[in-house]
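**Student:** The structure follows.
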Amino acid sequence: MQDDNKIRNIREYVEGMRRKLHLVDSVAMPKPGDKKSAAVLVPLIHHDGALEVLYTRRSDRLASHRGQVAFPGGRFDHRDENLLAAALRETHEEIGIPPEHIRVLGTFPGRRTNATDIAVTPFVGLIEGDPILTPDPKEVAEIFHVPLAALSDPRYRGSFRWKRPGQTRASEFPAILYGGQVIWGLTFSLTLTFLNHILDRPTRRRSSQPRLINSK
């Protein structure tokens, strides 16, 4: 698997990826007073000849989505010039990467959250230089990264069983299972949309023999 992760020419690959993504300027500004807009960054890291996607695991002390895997990001704020600025600000606050170390490549279609109806807009950025990752302990329990090749590999597809608050039975959700981490829900959906934009073939939501992980 390690050799499969290698990309012969990272610069050409990243440029090809940039051409497949949408222009940042195509993202509309939230309307005045809009409190239902958010933005996230899909951070890419060049590591040992391969591209890897950086994720965070949310702190168990947060009020919502505690312990879940996420991309760095958050709500649009009146301080932000636009949604991209919100994604870069939140990334700096959550994991310590300043905007000047991020080469923004583009965007792709986001989606609304099921529970809170928040419109989440994703941006893709290549981490340049060697910034020190500094998680904010109030928000982030862990930072980890997954090779781009592994994210589209059916061997790492499975299911996650989770019971919604107030429900008596757990529901099953498609997931990426890698290195002890479970990527599911909104983050799984955004990851698949990203992969389908940059790869020449669509990715399947599940493997033919999915593994099952239960929530604790």
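Every read-out reported here was derived from the displayed coordinates using simple, explicitly stated rules and does not represent laboratory data. Source: prediction; values computed, not measured. All Cβ positions, glycine included, derive from the backbone under ideal geometry; neighbour counts span all protein chains shown.
**Student:** Tell me the relative contact order for segment 133-197 as a rounded percent, counting alpha carbon contacts under 8 Å between residues six or more apart. Present the calculation step by step, with values, prior to reporting the outcome.
**Tutor:** Working: 58 pairs, mean separation 13.7, N = 65.
After rounding, I find 21 percent.
**Student:** Just in segment 98-175: which trypsin sites (Lys or Arg not before Pro) are loop by DSSP and have at most 11 other Cβ atoms within 10 Å? Walk me through the intermediate numbers first.
**Tutor:** Working: sites: R103, R111, R112, K138, R155, R157, R161, K163, R169; in loops: K138, K163, R169.
Filter output for segment 98-175: K138, R169.
**Student:** Run the reach check for K31 against aspartates and glutamates, Cα to Cα strictly under 17 Å, same-chain hits fewer than 8 apart removed. What comes back?
**Tutor:** Those aspartates and glutamates meeting the cut-off are D77, D80, E81, D117.
**Student:** Taking θ as phi - 60°, what are the ³J(HN,Hα) couplings along segment 19-26 by the Karplus curve (6.51, -1.76, 1.60), each to the nearest whole Hz, with x for Gly and Pro?
**Tutor:** My calculation for segment 19-26 gives 5, 7, 7, 7, 5, 4, 5, 7 Hz in order.
**Student:** Need the full-extension length gain, R111 to K35, defined as separation in residues times 0.36 nm minus the C-alpha distance. One decimal, nm.
**Tutor:** Between R111 and K35, full extension yields an extra 25.8 nm.
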